[in-house]
1. Please state the shape class of segment 36-253: rounded when a/c is under 1.5, otherwise prolate if a/b exceeds b/c and oblate if not, all from the C-alpha gyration tensor.
2. At residue 134 and residue 191, where each label point lies 7 Å from the Cα along Cα→Cβ, what is the point-to-point distance in nanometres?
3. Kindly identify segment 201-259 as rounded, prolate or oblate by the Cα gyration tensor criterion: order the square roots of the eigenvalues as a ≥ b ≥ c, call it rounded if a/c is under 1.5, otherwise compare a/b with b/c, prolate if a/b is larger, else oblate.
4. Net charge near residue 150: determine it from the other residues with C-beta under 13 Å of the C-beta of residue 150, scoring Lys and Arg +1 and Asp and Glu -1.
5. Amide H neighbours of residue 141 under 5 Å, counting only residues 5+ apart in sequence or on other chains, H built in-plane at 1.01 Å?
6. Using 0.36 nm per residue of separation minus the Cα-Cα distance, give me the extension gain between residue 99 and residue 84 in nm, one decimal.
7. Starting with the fewest neighbours, write out 149, 104, 93 ranked by other beta-carbon atoms found within 10 Å of each beta-carbon.
8. DSSP loop (so not H, G, I, E, B), at most 13 other Cβ within 10 Å: list which trypsin sites (Lys or Arg not before Pro) in segment 177-238 pass both filters.
Amino acid sequence: MKEVRVTTESARFYRRAIAGLLLALVASAPPTAVRAQPAGPPEGFTSLFNGQDLTGWRGRPGKGGVFSPYVEATFTDAERQTRQREWDADRDLHWWVDRERKELVTDGKGVHLASDKAYGDFELVAEWMLTTPNGITGIYLRSYPQVQLWDPASATNQQTGAHRGSGALWNNSADNPGKWPLVKADRPIGQWNHLRVRMVGERVWVWLNDQQTVDGQTLDNYFDRSQPLLPTGAIELQSHGTEVRFRNLFVRDVHQPPR
């Protein structure tokens, strides 16, 4: 029998084909209360993603590598350039753009995708979709974990709280009320979720599908809970073992908490 060899590129092709089939099935399903796609950034916002390539984004190791912004700050310019080339090469293996749909896609492996620009007080709006059961991802704020996004029905993540839903600060300490969402507002696997995040100082507000899930709670410093958060840092999309899609990522600088 002839041996069949599957290359990395062909494996990626098959993953994309399967994901495309799933998206087509979702698109043909009966309509639900799904938000219409915006024609452009909301007033006062700028786009984080141009829909065509990874301009404005760099690879960055996530917390699985125990990589904190404090470590990165110790690099010399030469060290930073060398490391960044390595991270970007890994980024290009595991992140790509579905240009037809203008979507950012990760296969869940490798580095996170971090904004080139550092943000202080900001508001972010984004859409995200899990394409398979047990999917999981998150959005780091100033490179600190994170607004948790996962499958509430996940059999593998029930013990860590997936059943409570997405949109909270899962890496907070157990006594910090921002750890769990105020409501469970997730849409089913294969449907887009709309996220709005506002960060002012160390406080965070989150809305998932127009329902508030975090109300001005402090984001704990995952890397050193005895220290305050750094005043600026990247917006970072997590890769966590499963395919995830992002689109319509917009951001603006803010200076006041919401009323």
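1. Here segment 36-253 falls in the rounded category.
2. Taking the two extended label points, one gets 2.4 nm.
3. Oblate is the answer for segment 201-259, as a/c is 1.5 or above yet b/c matches or exceeds a/b.
4. Around residue 150, the surrounding residues sum to +1.
5. Hits under the 5 Å cutoff: 147.
6. Between residue 99 and residue 84, full extension yields 2.9 nm more.
7. 93, 104, 149
8. Passing sites in segment 177-238 are 225.
None of the figures in this text is laboratory data; all of them are computed from the coordinates on show. Note that the coordinates shown come from a computational prediction; the quantities given were computed from them, not determined experimentally. Backbone-built Cβ (ideal geometry, glycine too); neighbour counts: all protein chains shown.
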